1. Once you keep just the Cα pairs under 8 angstrom separated by 6 or more residues, what percentage relative contact order results for the range 35-118?
2. Rounded to two decimals, what is the ratio between the C-alpha radius of gyration of the range 35-118 and 2.2 N^0.38 Å?
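Every read-out reported here was derived from the displayed coordinates using simple, explicitly stated rules and does not represent laboratory data. Bear in mind that the values here come from a model prediction, so they are computed numbers and not experimental data.
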Amino acid sequence: MKTQTIKKITQLLGMLMITALFSNPIYAQNKDVASATVAGQELTIKGKVTDEKGPLPGVNIVLKGAKVGAVTDENGEFTFPKLLSSGDILVFSSLGYEKQEIKIDAKTTFINLIMSDGLIEMMGAPSSSKPYKSKRSN
């Protein structure tokens, strides 16, 4: 008699566990969830930076007013490491190119930027025909 009671209790507990498992909604993490959250309009920004010759590796991308940034890879592509909000400004800079600022709006998810050549100023001493002599004594 005891074995039948134990069996019924075990079956009842099993049915309750299965019911509890399937009655709760199941949530999973998804990599694309970070693309756009409705509540705060936080966006993951990706993009590609090129010039007239092709992709630009090593372009610095910094969030204006913060110390967060990214660098383009060998294909000129990047994914910004922080979720951004509408109104944030990304600053793109690279040696030999003009600095550019892009303002993020609610629809921005991919930036395709073409960098333009910038003016490079060289600082140095003028050339002279007189050779330099050290003032140091040997």
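1. 33 percent
2. 1.05
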